[in-house]
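**Q** This is the structure I have questions about; it appears just below.
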Amino acid sequence: MSKLYFHLSVFFSHRKTRLALIGLAVGFAVSISLLNPWFLAFVDREEWRLADIIHLGSGNLAAPPDDVVILGVDDASLSLDSLFPEDLEGSEALAAMSQGWPWPRSVWGILAGRLIDAGAAVVVLDFTFAMPSSPEADEAFTETLRKYPGKIVLGVDHQERDGSGWGGQQQIIAVTPSLLPPELRTEVPTGLLNFWPDADEVVRTQRPLWSRGLSAGEDAMPSLALATLRATGAAAPDIEKDRDYVFRFGHPQSFEPVSLHEIFVEPLWVGNFGSGEFFRDKVVFVGVTARHFQDFQRTPVGTLIGVQLHAQAFRALRDGDWLWEISPPTRIALVVVAALLAAGLAASFQRPLVILALLIAGMVLAIVSQWLAYSTASLVLPMLLPAASWFASGLFCLGYDFMLESRRRKELQRYFSSDMADELARNPAPYLRSLGGVDREITLLFSDLRGFTSLAERMNAADLVKHLNTYLEKMVQTVFDERGSIDKFIGDAIMAVWGRVRDDRSIAALDADAHRAVSAALRMREALEDLNRQWAEEGLPALKIGIGVHQGSAVVGNIGSAARMEFTAIGDTVNTAARLESLSKQYGVDLLVSQSVEQRIRKEFHFRPVDLVRVKGKSEAMAIFTVVAASDAPVPGGLEEFKLAVEAYRRAGFVEALEGFEDASRLGFDDALTHLQIQRCREMIESPPANGWDGVFTATEK
């Protein structure tokens, strides 16, 4: 046993180290997998999808600004079907627009001048003017640009040819010189219209400054948002060239477009826009919004029209509303730490269902952490891969524990019953604490064969051992089925225990132990009847059994010498259980249980009172019982009469008791115990006891 204790201690001390190594291996494997471009792209896509869900559902979308307006080239502005002829005749811009798309560039000059004269801070045109149009229209627009220097922002385009990625030829498609002559280029702000979506075609970033493809000495090209910000005169935040910034989006309905043609309809200009006062001090973005232009971009908050995306980018740039990303080393550290924490979790608990529940809770916590990081620190915290690392590490640790526990359980079953082996494998702490000796509330069952000594004299050694082993195998399995432990074999006797490796002293646990012990005794009784029928067919002699069951406090621990130790229970409770087994022969029954057992489970079995007895070596008397059947069986005939007779006997009503025992005998209890009580009553009637009768029988034999 000391050797077993040593192996147990070594096993459980090494377990945490092994689980830590598993966690480290999982974290390392997941981190290494990020070197695979395909896997990294897949993980990034899924991480961003989760981040987008949090972005949209966090309740922390950016508030829409009051000083940004979008004018949209919508279907109504293209068709002008809602206008009267006099509306068209009274407006130069509407008359030009009625000629069809694309509109003459003079329209844009008229529009920008009307808005700026009304007090608009900046007018942003989300269009490229790369090719010349009619000289008259271009000249009219150029005059407007010259009239309002720095107030009108134009778009330019970045194009890549002859390749893909950064290996292709890159160039900036500037505004045509016919519209923007060289002397005006420093006066009219221009900005890149491009956004570069991620691999899943979702736009999450803006690149405020672009330098790739530019000639040496050229200034970096600003984005349309940055060019607009500079045009407003607001201080721009520090921006790194060629860096993509993740920005916080506002609600997708933050910038609802106003139909552009309404600006030129006088009744609407006066009624809806207060003769232009509506646009005072506002940044006005102008772009196409009609569906057939297909100027749509997928974003974390849904699909936006291109001009809406520019307005979102401008608002984020002006407010410095960035979402910060963690560095690749930090990301790998999160993966490894998550795997190690899961291994630590598995090492700290011994219950798989608890560990599994905590693993799931940890994944939920990872998502909550990601939401909190976004909401409170504007941090994009990719937790999908750490969560996967956490869960995978936990599952691997559970699998390792299961494998090791199965192997350990098989080894322990060589020494302990299956329930005790399971308990030790799951939770060795109570057992290890008990090795030095502890007080435990236990339930004991002693069983012994009747007449085995004489049987041994009539059988040869081989047949005797076979006969005994068949009996013991059946009895031990019965005890194991009721989750009991076999403490020891004493010849043909069995000492079974419930509760010796458990610290729990709750009423429920002790009631359960009492029930299992009595159930085991009844099943041993039935099993022996089956064996006797089998042996009778084989011509072998039948066996009889005596069983005693008692519950109480005992000392549990490693008992013995340095040469040989035995994990067992000792104390008065053990002695009492053994006495009950011995007394069963004197009362002519095969099972006796103590009052400490009967009072816990009296509602679950039909108990037959036997006697008040003072066993040898004890001064106090105790009530003892035998078990007739489980409570779901019909009440045996004569049981109530027998109980009433016992009560009469204990109060010295021997005549009444005699009549009751005789009635019980006629009704079904015509057995040795009833005959013993009848004989006692007759003796007491003939020789009444002296004063001080207490109804206690004092046993003089063990």
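**Q** For VAL270, only one of the following conditions fails: (1) aliphatic (A, V, I, L, M); (2) in contact with a strand residue (DSSP E or B) (Cβ under 9 Å, 6 or more places away or on another chain); (3) modelled with pLDDT of 90 or more. What is its number?
**A** Of the numbered conditions (1) aliphatic (A, V, I, L, M); (2) in contact with a strand residue (DSSP E or B) (Cβ under 9 Å, 6 or more places away or on another chain); (3) modelled with pLDDT of 90 or more, the odd one out for VAL270 is (2).
**Q** On to the next question. Step by step: first the residues of region 355-395, then only those that are open to solvent by less than 60 Å² (accessible area, probe 1.4 Å) and in contact with an Asp or Glu (Cβ under 6 Å, 6 or more places away or on another chain), then the one that is nearest to ARG204 (Cα to Cα). Which residue is that?
**A** VAL380
**Q** Quick check, is THR453 under 40 Å from the mean Cα position of the chain (by Cα), polar (S, T, N, Q) and either farther than 29 Å from ALA346 by Cα or modelled with pLDDT under 85 (or both)?
**A** Judged against the criteria, THR453 is not a match.
**Q** ALA536 is checked against (1) open to solvent by 10 Å² or more (accessible area, probe 1.4 Å); (2) part of a strand (DSSP E or B); (3) of a type in the set (A, V, I, L, M) and fails just one. What number does that condition carry?
**A** (2)
**Q** So which residues in region 219-231 are in a helix (DSSP H, G or I) and open to solvent by less than 50 Å² (accessible area, probe 1.4 Å)? Full working, then the answer.
**A** So in region 219-231, the residues in a helix (DSSP H, G or I) come out as 224-231.
Within region 219-231, LEU224, ALA225, LEU226, ALA227, THR228, LEU229, ALA231 meet the criteria.
**Q** Look through region 91-108, keep the residues that are part of a helix (DSSP H, G or I) and of a type outside the set (D, E, K, R), and return whichever of them is most open to solvent (accessible area, probe 1.4 Å). Break it down into steps so the answer makes sense when it comes.
**A** First, pick out the residues of region 91-108 that are part of a helix (DSSP H, G or I): 92-97, 106-108.
Of the ones still in play, those that are also of a type outside the set (D, E, K, R) are 93-97, 106-108.
Numbers: ALA93: 2, LEU94: 0, ALA95: 42, ALA96: 12, MET97: 0, SER106: 25, VAL107: 1, TRP108: 11 Å².
Top of the filtered list is ALA95.
**Q** Which of (1) in a loop (DSSP other than H, G, I, E, B); (2) within 26 Å of THR674 (Cβ to Cβ) does GLU526 not meet, given it meets every other one?
**A** Among (1) in a loop (DSSP other than H, G, I, E, B); (2) within 26 Å of THR674 (Cβ to Cβ), the lone unmet condition for GLU526 is (1).
**Q** Of the conditions (1) over 55 Å from the mean Cα position of the chain (by Cα); (2) under 30 Å from LEU510 (Cα atoms); (3) among the charged types (D, E, K, R), GLU604 clears all except one; give me its number.
**A** Every listed condition holds for GLU604 apart from (1).
One line per residue, one yes/no per condition, for (1) in contact (Cβ under 8 Å) with a residue 40 or more places away in the chain; (2) aliphatic (A, V, I, L, M):
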position: ILE601; (1), (2): yes, yes
position: GLU620; (1), (2): no, no
position: PHE625; (1), (2): no, no
position: PHE654; (1), (2): no, no
position: GLU662; (1), (2): no, no
position: ASP671; (1), (2): yes, no
position: ARG680; (1), (2): no, no
position: GLU683; (1), (2): no, no
position: ALA690; (1), (2): no, yes
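**Q** Could you list all residues from region 546-574 that are more than 21 Å from ARG483 (Cβ to Cβ) and either modelled with pLDDT of 90 or more or charged (D, E, K, R) (or both)?
**A** Once the filter is applied, which keeps residues that are more than 21 Å from ARG483 (Cβ to Cβ) and either modelled with pLDDT of 90 or more or charged (D, E, K, R) (or both), region 546-574 yields GLY546, ARG564, GLU566, ASP572.
**Q** Run THR478 past the list (1) surrounded by fewer than 19 Cβ atoms within 10 Å (Cβ to Cβ); (2) under 42 Å from the mean Cα position of the chain (by Cα); (3) at pLDDT 75 or above and report the number of the one that doesn't hold.
**A** (1)
**Q** Is it fair to say ALA645 is buried (at least 16 other Cβ atoms within 10 Å of the Cβ), of a type in the set (A, V, I, L, M, F, W, C) and outside any loop (DSSP other than H, G, I, E, B)?
**A** Numbers: buried (at least 16 other Cβ atoms within 10 Å of the Cβ): yes; of a type in the set (A, V, I, L, M, F, W, C): yes; outside any loop (DSSP other than H, G, I, E, B): yes.
Against the criterion (buried (at least 16 other Cβ atoms within 10 Å of the Cβ), of a type in the set (A, V, I, L, M, F, W, C) and outside any loop (DSSP other than H, G, I, E, B)), ALA645 qualifies.
**Q** Considering only residues that are modelled with pLDDT of 90 or more and within 18 Å of ILE624 (Cβ to Cβ), which ones fall in region 680-702?
**A** Passing the criteria: only ARG680.
**Q** In this structure, does VAL335 turn out to be under 19 Å from the mean Cα position of the chain (by Cα), surrounded by fewer than 18 Cβ atoms within 10 Å (Cβ to Cβ) and of a type outside the set (Lys, Arg)?
**A** no
**Q** Sticking with this structure for a sec: Does region 21-54 hold any residues that are aromatic (Phe, Trp, Tyr), open to solvent by 80 Å² or more (accessible area, probe 1.4 Å) and touching a residue at least 40 places away in the same chain (Cβ under 8 Å), and which are they?
**A** PHE28
**Q** Then there's this: Within region 232-269, which residues are open to solvent by 40 Å² or more (accessible area, probe 1.4 Å), in contact with a Gly (Cβ under 9 Å, 6 or more places away or on another chain) and outside any loop (DSSP other than H, G, I, E, B)?
**A** Residue satisfying the conditions is GLU266 alone.
**Q** Turning to a different aspect of this structure: So which of ASP487, ASP513 ends up being open to solvent by 10 Å² or more (accessible area, probe 1.4 Å), within 18 Å of PHE446 (Cβ to Cβ) and either among the charged types (D, E, K, R) or not in a helix (DSSP H, G or I) (or both)?
**A** When all the criteria are applied, what remains is ASP487.
**Q** Could you tell me whether LEU224 is in contact with a Phe, Trp or Tyr (Cβ under 9 Å, 6 or more places away or on another chain) and touching a residue at least 40 places away in the same chain (Cβ under 8 Å)?
**A** Considered against the rule, which asks whether it is in contact with a Phe, Trp or Tyr (Cβ under 9 Å, 6 or more places away or on another chain) and touching a residue at least 40 places away in the same chain (Cβ under 8 Å), LEU224 comes out as yes.
**Q** Still on this structure, I have one more. With the checklist (1) open to solvent by 70 Å² or more (accessible area, probe 1.4 Å); (2) farther than 20 Å from HIS515 by Cα in hand, flag the one item GLN677 doesn't pass.
**A** Failed condition: (1).
**Q** For the condition assigned to a helix (DSSP H, G or I), over 30 Å from PRO329 (Cα atoms) and either aromatic (Phe, Trp, Tyr) or touching a Gly at 6+ places or on another chain (Cβ under 9 Å) (or both), what is the one hit in LEU111, LEU78, LEU88?
**A** Among LEU111, LEU78, LEU88, only LEU78 is assigned to a helix (DSSP H, G or I), over 30 Å from PRO329 (Cα atoms) and either aromatic (Phe, Trp, Tyr) or touching a Gly at 6+ places or on another chain (Cβ under 9 Å) (or both).
**Q** Could you list all residues from region 287-307 that are of a type in the set (Val, Ile, Thr) and either surrounded by fewer than 15 Cβ atoms within 10 Å (Cβ to Cβ) or over 50 Å from the mean Cα position of the chain (by Cα) (or both)?
**A** Selection gives THR303 alone.
**Q** Hey, another quick one. Pick from LEU193, LEU229: which is out of contact with any Asp or Glu (no Cβ under 7 Å at 6 or more places or on another chain) and not β-branched (Val, Ile, Thr)? Steps first, please.
**A** On the way: LEU193 fails: out of contact with any Asp or Glu (no Cβ under 7 Å at 6 or more places or on another chain).
So the residue among LEU193, LEU229 that is out of contact with any Asp or Glu (no Cβ under 7 Å at 6 or more places or on another chain) and not β-branched (Val, Ile, Thr) is LEU229.
**Q** Can we say ALA621 is under 25 Å from VAL574 (Cα atoms) and open to solvent by 30 Å² or more (accessible area, probe 1.4 Å)?
**A** Criteria met by ALA621.
**Q** To continue, here is another question. Quick check on region 659-674: of everything there that is hydrophobic (A, V, I, L, M, F, W, C) and open to solvent by 30 Å² or more (accessible area, probe 1.4 Å), which residue is farthest from LYS616 (Cα to Cα)?
**A** We begin by selecting, within region 659-674, every residue hydrophobic (A, V, I, L, M, F, W, C); these are 661, 664, 667, 669, 672-673.
From what is left, the residues that are open to solvent by 30 Å² or more (accessible area, probe 1.4 Å) are 667, 672.
Details: LEU667: 34, ALA672: 22 Å.
It comes out as LEU667.
**Q** If you don't mind, there's one more thing I want to ask. Regarding GLY320, is this residue under 16 Å from SER378 (Cα atoms) and open to solvent by 10 Å² or more (accessible area, probe 1.4 Å)?
**A** Answer is yes for this residue.
**Q** List pairs: first in region 207-219 and at pLDDT below 65, second open to solvent by 40 Å² or more (accessible area, probe 1.4 Å), Cβ under 6 Å, 6+ apart or cross-chain?
**A** GLY213/GLN171
Rundown of residues vs (1) of a type in the set (Val, Ile, Thr); (2) touching a helix residue (DSSP H, G or I) at 6+ places or on another chain (Cβ under 7 Å); (3) open to solvent by less than 60 Å² (accessible area, probe 1.4 Å), yes/no style:
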site: GLY72; (1), (2), (3): no, yes, yes
site: VAL122; (1), (2), (3): yes, yes, yes
site: PRO135; (1), (2), (3): no, no, no
site: LYS151; (1), (2), (3): no, yes, no
site: ILE172; (1), (2), (3): yes, no, yes
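**Q** Further, regarding this structure: Going residue by residue through region 110-119, is there one that turns out to be among the β-branched types (Val, Ile, Thr) and touching a residue at least 24 places away in the same chain (Cβ under 8 Å)?
**A** The answer is yes; a qualifying residue exists.
The values are calculated or read from the model by the stated rules, or taken from the named source; none is laboratory data. Keep in mind that this is a model prediction, so the values were computed, not measured. Here the Cβ is made from the backbone with ideal geometry for all residues, glycine too, and neighbour counts use every protein chain on show. Each accessible area value is taken on the protein alone, full model and side chains, heavy atoms only, with ligands, DNA and RNA left out. Shrake-Rupley method; radii C 1.70, N 1.55, O 1.52, S 1.80 Å.
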